[in-house]
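The values are calculated or read from the model by the stated rules, or taken from the named source; none is laboratory data. Quantities reported herein were computed from a predicted structural model and do not represent experimental measurements. Counting neighbours? That spans all protein chains shown, and the Cβs are built from the backbone with ideal geometry, glycine included.
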Amino acid sequence: MRIDQIITRTNKEAKEFDTINATLLQKAGFIDQTMAGVYSYLPLGLRVLTRIENIIREEMDKVGSEILMPAMVPRELWEKTDRMETDILFEVRGANDKSRKKNKASYILSPTHEEVITPLFMKQRMSYKDLPFAAYQIQTKFRNEERPKSGLLRGREFRMKDLYSFHASDEDRREYYDRIKDVYVKIFDRLGIGEDTIVALAGGGDFTDEFTHEFDTRCESGEDIVYWDEREQAYYNAEVASDELKDGSEEIKVSEVGNIFPLGTKFSEAFGYMFTDQSGERKPVHMASYGIGSSRVMGVIVEKFNDDGGIIWPKSVAPFQVYLAVMPGDNKAVIERADKIYEDLLGAGIEVLYDDRAGVSGGMKLKDADLTGMPWRAVVSEKTGSKVEIKARTSEEIRLIKGSDLLKVVKA
């Protein structure tokens, strides 16, 4: 893509925020803050978010079916499950409802979707032969955070993948639950943060007396704490860690990127979601829920991978693989050479951001390349002659190589 096709630009003078991800993503032109906890995703940012969600989607398609549920739902669904007192809920109504007396109903902007998916599949009238099954979605969620902060790490509006599984027994649920743990490990590996993402034991809230599981990425700016128990060889989040453990074990700052937990029969019993087993007995369906915050993952990646120059995207989620900058002066031959390299890379399936802006200094282009964080920077100029200057974003080494060798280098 030629850079002029991107309607937004970097803004190195943008406001400094309380976290690295909020500052760099806005300076690099990936996101823009609409209000506290709410952001627009600009072209480059949307490409990253889409890559993250496509990796999640590819792995989820192996274990469930994708659906899309509404974000706005009637409050009666939440009353049915006695969760209207949840302090993170946004409750909304039409702006003119009071004066016009047209529609006095109020609605919930969903922070999670147990109240929707349970009656949804209850309507399918499934028997024990249809169990187990699972469905997931990737959608915008809403949570009434009192003090949203930390950029994409804690927002009022955010993106999330939520998967729900349905089972005839808790034993069957446990088997699927363990399978998803392994799938999550693979997802975070593919996203480039697997090495620093740990599985911590967490509380089950109103759903279970068992431990649930959080996926937490080591992060100096993380708002959460987990504790390593050497004796048990396990991590515990701060909620469930004992005072003894907190006083005597390793304390690690993390940011939560995913969680999985059993729901038991809380929601199936609330809605009367039953199935008939082989003996003809009616029983409630067992459920579990599995979340990954895709927009939060984007913020965590920036918190972890950056330097004084800007963002350093892992190859798997980078908006483009190559930042190609041409510095022609008045030399048309340099432009022609850069154009050919651009077309050759595109023809080989390499995604390229081509900075062919006129009237922009070479130094500015190099700074934009670092700030936006593509895995490779390639430069064509009068100084490079018939060769191409190539540099990995993670390295200080600059090499001059033949244009014909560029494809081999960036594909390695």
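Checked against the criteria, Leu407 does not count as outside any loop (DSSP other than H, G, I, E, B) and at pLDDT 95 or above. Condition (residue is out of contact with any Lys or Arg (no Cβ under 9 Å at 6 or more places or on another chain), among the aliphatic types (A, V, I, L, M) and in the same structural domain as Met274 (by TED's automatic domain parsing)) applied to the range 349-359: is it met by at least one residue? Within the range 349-359 (the criterion being out of contact with any Lys or Arg (no Cβ under 9 Å at 6 or more places or on another chain), among the aliphatic types (A, V, I, L, M) and in the same structural domain as Met274 (by TED's automatic domain parsing)), the answer is no, since none of the residues qualifies.
Among residues of the range 248-273 that are farther than 30 Å from Gly194 by Cβ, those with a beta-carbon under 6 Å from a residue that is assigned to a helix (DSSP H, G or I) and hydrophobic (A, V, I, L, M, F, W, C) at least six positions away or on a different chain give the pairs Phe271/Met122; Tyr273/Met122.
Residues in the range 266-292 that are of a type in the set (S, T, N, Q) and at pLDDT 95 or above were compared, and the one that is surrounded by the fewest Cβ atoms within 10 Å (Cβ to Cβ) is Ser289. Residues in the range 8-47 that are surrounded by 13 or more Cβ atoms within 10 Å (Cβ to Cβ), polar (S, T, N, Q) and touching a strand residue (DSSP E or B) at 6+ places or on another chain (Cβ under 7 Å): Gln26, Gln33.
Among the residues making up the range 139-182, those that are surrounded by fewer than 21 Cβ atoms within 10 Å (Cβ to Cβ), of a type in the set (Asp, Glu) and either touching a residue at least 60 places away in the same chain (Cβ under 8 Å) or assigned to a strand (DSSP E or B) (or both) are Glu145, Glu157, Asp170, Asp172. Residue check: Ala348 meets all listed conditions (1) under 20 Å from Met364 (Cβ atoms); (2) in contact with a Leu (Cβ under 9 Å, 6 or more places away or on another chain); (3) surrounded by fewer than 18 Cβ atoms within 10 Å (Cβ to Cβ) but one, namely (1). If the condition is being at pLDDT 95 or above and in a loop (DSSP other than H, G, I, E, B), then the range 362-395 contributes Gly373, Met374, Pro375, Arg393, Thr394, Ser395. Assessment of the range 48-67 against the conditions (closer than 27 Å to Asp370 by Cβ, crowded, with 17+ Cβ neighbours inside 10 Å and without any contact (Cβ under 8 Å) to a residue 24 or more places away in the chain) yields no matching residue.
Okay, residues lined up against (1) in the same structural domain as Arg173 (by TED's automatic domain parsing); (2) closer than 19 Å to Thr140 by Cα; (3) of a type in the set (Phe, Trp, Tyr):
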| position | (1), (2), (3) |
| --- | --- |
| Thr8 | no, no, no |
| Ala36 | yes, yes, no |
| Gly45 | yes, yes, no |
| Ile56 | yes, yes, no |
| Lys62 | yes, no, no |
| Glu85 | no, no, no |
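Report whether or not Ile55 is under 22 Å from the mean Cα position of the chain (by Cα), more than 17 Å from Ala318 (Cβ to Cβ) and either part of a loop (DSSP other than H, G, I, E, B) or not acidic (Asp, Glu) (or both). So Ile55 does not fit the description; no.
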